[in-house]
Amino acid sequence: MKIENVNLPVKTTNGHLFVNNEARVHVVDGETFPAGFPFGGCQICGQHPKYQVIEDAAHVQAPCPHPDGITTTITLSVPSGKLLVSDNLRPVYNWTDDSLLHYDSVLGRARAIEAMAAIGCAFGPASDRRLGLYRTDPDRYIIATPSIDFNDEAPSIPEDTRLADICTDVWAYSIADYEDWISKGGDPETLDGGDTIVNVTPGTYQFVHHSGERGFDFDVDETVIYAHVERIA
């Protein structure tokens with residue numbers, strides 16, 4: 001019996017997104033059997049959809065429930081008028097294991113964002129590049145990585161609008177109301193140079209997270225905006 005593992009191109013994706021756009025098959029004595037995806041399932045929904053092999057290509061049958069990706073919108077109450085901006089506010093704010101389901105997919109990360117928002121933290125995945133909170137207008141902000149013109153090293157976002165640098169060691173950012181953080185056990189003595197308290201107008205802030213949108217790419221030369229933030233109430 002001769003058995004081979006072969007990767008085939010996915011010709012019909014049905015809205016799904018796969019690493020290298022490949023599916024795997026087992027070839028047993030010349031007969032082909034679908035065997036999943038070599039780098040996990042759909043990068044958007046986390047599913048491992050069934051597919052047929054026709055003429056040396058995979059054709060996925062069921063459609064992706066989020067073919068355009070996911071824009072995740074949450075709100076954060078900031079009655080103190082003080083935002084604590086950090087890369088990591090755990091263990092004060094943390095999600096359950098259920099929310100971590102398929103965190104390597106867009107849907108899983110959206111669930112983590114929503115789970116963190118439900119307990120008072122505006123959380124979002126990021127990359128390992130420089131990240132910051134910038135003011136764009138009164139009561140409006142962006143969480144972004146600025147581009148740099150290497151000829152004069154001038155960032156695309158004015159430096160005087162940067163309110164906080166965010167360390168990217170954990171490839172994420174976390175923002176909460178400072179007083180809420182303290183009330184839930186946060187210790188100001190544990191804050192360091194990677195944590196910043198930013199004064200804002202007290203109120204309710206809306207965070208629109210873009211990193212789950214299809215086509216979002218953090219590895220580009222231009223400015224990358226992970227989230228738009230504005231006071232809505």
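The values are calculated or read from the model by the stated rules, or taken from the named source; none is laboratory data. Nothing here was measured: the structure is a model prediction, and the numbers come from that model. Neighbour counts run over all protein chains shown; Cβ positions are idealised from the backbone, glycine included. Side chains are part of the model used for accessible areas, which takes the heavy atoms of the whole protein and leaves out ligands, DNA and RNA. Shrake-Rupley method; radii C 1.70, N 1.55, O 1.52, S 1.80 Å.
Some values worked out for this structure:
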{"item": "Candidates VAL92, VAL60, VAL53, VAL28 - the one that is open to solvent by less than 30 Å² (accessible area, probe 1.4 Å) and either more than 30 Å from ASP180 (Cα to Cα) or β-branched (Val, Ile, Thr) (or both)", "result": "VAL60"}
{"item": "Qualifying residue in region 169-182 (condition: modelled with pLDDT of 95 or more, in contact with a helix residue (DSSP H, G or I) (Cβ under 8 Å, 6 or more places away or on another chain) and outside any loop (DSSP other than H, G, I, E, B))", "result": "yes"}
{"item": "Some residue of region 189-197 being touching a residue at least 24 places away in the same chain (Cβ under 8 Å), open to solvent by less than 10 Å² (accessible area, probe 1.4 Å) and over 19 Å from GLY69 (Cβ atoms)", "result": "no"}
{"item": "Condition broken by ALA23, with the remaining ones in (1) of a type in the set (Gly, Ala, Ser); (2) within 19 Å of the chain's Cα centre (by Cα); (3) surrounded by 15 or more Cβ atoms within 10 Å (Cβ to Cβ) satisfied", "result": "(2)"}
{"item": "Pairs where the first residue, in region 110-130, is basic (Lys, Arg) and the second is assigned to a helix (DSSP H, G or I), C-beta under 6 Å, 6+ apart", "result": "ARG111/SER99"}
{"item": "Which numbered condition GLY15 fails, given (1) of a type outside the set (Ser, Thr, Tyr); (2) out of contact with any Leu (no Cβ under 9 Å at 6 or more places or on another chain); (3) surrounded by fewer than 16 Cβ atoms within 10 Å (Cβ to Cβ)", "result": "(3)"}
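Residues checked against (1) farther than 24 Å from VAL25 by Cβ; (2) modelled with pLDDT of 95 or more; (3) out of contact with any helix residue (DSSP H, G or I) (no Cβ under 7 Å at 6 or more places or on another chain); (4) not in a strand (DSSP E or B):
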| position | (1), (2), (3), (4) |
| --- | --- |
| GLY46 | no, no, no, yes |
| ILE74 | yes, yes, no, no |
| VAL85 | yes, yes, yes, no |
| ASP98 | yes, no, yes, yes |
| TYR103 | yes, no, no, yes |
| ALA115 | yes, no, no, yes |
| GLY124 | yes, yes, no, no |
| ARG129 | yes, no, yes, yes |
